[in-house]
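The values are calculated or read from the model by the stated rules, or taken from the named source; none is laboratory data. Here the structure is a predicted model, which is why all the values come from computation and not from measurement. Cβ placement follows ideal geometry from the backbone for every residue including glycine, while neighbour counts extend to all protein chains displayed. We work out accessible area using only protein heavy atoms, side chains counted, and drop any ligands, DNA or RNA first. Shrake-Rupley method; radii C 1.70, N 1.55, O 1.52, S 1.80 Å.
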Amino acid sequence: MNNESTSNAVQGSAGDGGHKMPGAGKQVPHEGHDTQHAPPQQPIATGIALTALIVVLLVFAVLATVGILSRIHHSGVLAKTTQEMAAPVVIALQPKQGAPVDTFTLPGNVTAYTDSPIYARTSGYLTKWYYDIGSYVKEGALLAEISTPELDQQLIQAEADLGTAEADAKNAKAQAQRYQGLVNTNAVSQQDTETFTNQATATASAVKSAQANVERLKQLVSFEKVYAPFDGVVTARSIDIGQLIDTGAARELFHMQALNTLRVYTNVPQLYSANLKRGSKIDITFPEYPGRTFQGTLVRTAEAIDPSSRTLLVEIDVDNHRGELMPGALAQVHFKAPAMQTFIVPVSAIIFRRQGTQVGTLGADNTAHLVSVTIGQDDGKTVQIASGLKAEDFVIQDPPDSLIEGEKVNPHQSNERQHYGPSSVGGK
């Protein structure tokens, strides 16, 4: 019996006035099964499944695209940040314009006109000294005496040897003259005559040798007394009575300096070297005499630029007959120069390389440019730039040692001009 007939039979039974047939309500077992079937399922439409799959794939594609684009963006930002951080950070400001310069001041070293150490020319013991430090002495003044007993004995011996040589020479000369008179009468042989003549000549030479030895020893004996070689001041004394004195420059006895005229040496930058004329008057000031100016004369120059400093060494002589100035002092030498416009930058901005003196400037595209400059005065904090810069340039204040031409830099933003503080550079 199939399901349809079974269903109809049940419905027919229910319609008979509620009377049940015998055996009604009992389940009829199926052949080979003892359980009920699950309710039938409706199949999923193929279009809906395909649409869902496409949506899932699109979601994954969007997520992947967003992730890739985000990674590319972050990589670009990282590369840009790394490049910016690799560029050195610099401060670039416009240079300060200095006042038009028609004078410049340089430090000068004051030295004595004549400076001489005095040594002994003979060996012995010091017996007396007559002048101490600070003493003014005249040329030829006796400074000290040295006792040399061995040398005195050598002189006595040399003088005795000279007497013997002179006696021998006198006798030889007499013998030669006698034989020369007899040889004409054939009383003596020609050979004996020549022998005595040669002997007279030899003894005469021996006399000259002995005389030279005596003079040499007399000169050494004269060195027992030490004299001043020029008018000046004794600035050092390194000996005392009883000390052993050796010959030569191993030990200085005195040190003397001539102070009537002093020499002032200074190094003038190459920029101003063409304006220096011999005989020109130069003003000189000293810190121990504030408000007072001494005048010197430019007497000579080295006539050559020092390649290590690009400066010219000059000598200025200053009259010091009053004895107001002392050698070894530091002077300020004031030179006159043609008026020029200068710029002032900190010393830290200067770059010293084999290409010469340079400064770093900032270009419009944040690239560094190295500019060759000519420097003027340098007060230790700031330096004068006489040529090579323009007012609109931005100077890198403290360039790194590795800075090269065309290198990208990261300028520190600042709208304030640099104030270097009070400075004497470029001042009058």
(request) For the stretch 226-240, state whether one or more residues are among the acidic types (D, E), part of a loop (DSSP other than H, G, I, E, B) and either open to solvent by 80 Å² or more (accessible area, probe 1.4 Å) or touching a helix residue (DSSP H, G or I) at 6+ places or on another chain (Cβ under 8 Å) (or both). (result) no
(request) Starting from residues that are open to solvent by 60 Å² or more (accessible area, probe 1.4 Å) and in contact with a strand residue (DSSP E or B) (Cβ under 6 Å, 6 or more places away or on another chain), keep the ones in the stretch 108-129 and report whichever is nearest to V314 (Cα to Cα). (result) N109
(message) I'd like the full set of residues that are open to solvent by less than 20 Å² (accessible area, probe 1.4 Å) and in contact with a helix residue (DSSP H, G or I) (Cβ under 9 Å, 6 or more places away or on another chain), limited to the stretch 315-345.
(response) F335, A337
(request) Considering every residue within the stretch 215-223, establish whether at least one is touching a Phe, Trp or Tyr at 6+ places or on another chain (Cβ under 8 Å) and either crowded, with 18+ Cβ neighbours inside 10 Å or farther than 28 Å from Q153 by Cβ (or both). (result) no
(request) Only residues that are open to solvent by 40 Å² or more (accessible area, probe 1.4 Å), part of a strand (DSSP E or B) and of a type outside the set (D, E, K, R): list them for the stretch 262-289, please. (result) Y265, N267
(request) Give the stretch 93-130 a look and list any residue that's part of a strand (DSSP E or B), hydrophobic (A, V, I, L, M, F, W, C) and closer than 30 Å to G296 by Cα, or say none. (result) V101, F104, L106, V110, A112, I118
(request) Quick one: in the stretch 188-230, of everything that is under 27 Å from L142 (Cβ atoms) and of a type in the set (G, A, S), which residue is modelled with the highest pLDDT? (result) A228
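If only one of I133, I146 is touching a strand residue (DSSP E or B) at 6+ places or on another chain (Cβ under 8 Å) and part of a strand (DSSP E or B), which one is it?
Criteria check complete, one pass: I146.
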(request) Starting from the stretch 144-160, take each residue that is more than 20 Å from L253 (Cα to Cα) and list its partners that are at pLDDT below 90 and of a type in the set (G, A, S), counting only C-beta distances under 6 angstrom and pairs at least six apart or across chains. (result) none
